[in-house]
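Taken together, the values in this text are just the output of simple stated rules run on the coordinates, not laboratory data. None of the values given here were measured: they were computed from a predicted structure. Using ideal geometry, Cβ is built from the backbone for each residue, glycine included, and neighbour counts are taken over all protein chains shown.
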Amino acid sequence: MKRWLWILGSPCAVVLVVYSVWGYSVRSNAEATLTEAKRLIAEKRGEAARAALNNLLRFKPDEAEATFLIGRSLQLEGKLAAAAEAYARIPVEAKAHRQASLARGIALLHDAQFEAAENAFRDHLELYP
């Protein structure tokens, strides 16, 4: 019985250690990832930027700037509804919220979701007169 615990437990422990090290690496390189994502978006390589940002968001789900950049990359590719959804996930307390709130309204307007865009702009003006 002990032998089976070692056989099954050892790989699980290795996976846990590797996942923890990977998470630490991703979190500690957050600024570099954000900078790289901005560069990729400027080069119109939104999919690559989102891949890098998704790894960051896996380990730092509250990273508002990463969520904003995902929305920005989606908006540049014409995926306006998905961009608006990404912008909406940014919490009001976040520094990026002001810019995301306005960008959400613009994305909805360009996607011809006029009522939702009007509501988004109204919400934006209430928070940021």
* Mind giving me the nanometre distance, one decimal, between the label points for residue 102 and residue 45, set 7 Å out from Cα along Cα→Cβ? => 2.9
* To do: Amide H neighbours of residue 60 under 5 Å, at least 5 residues apart or on other chains, H built in the peptide plane: list them.
  => none
* Asked: Taking the highest mean first, how do the peptides 77-84, 39-46 order by number of other beta carbon atoms within 10 angstrom per residue?
  -> 77-84, 39-46
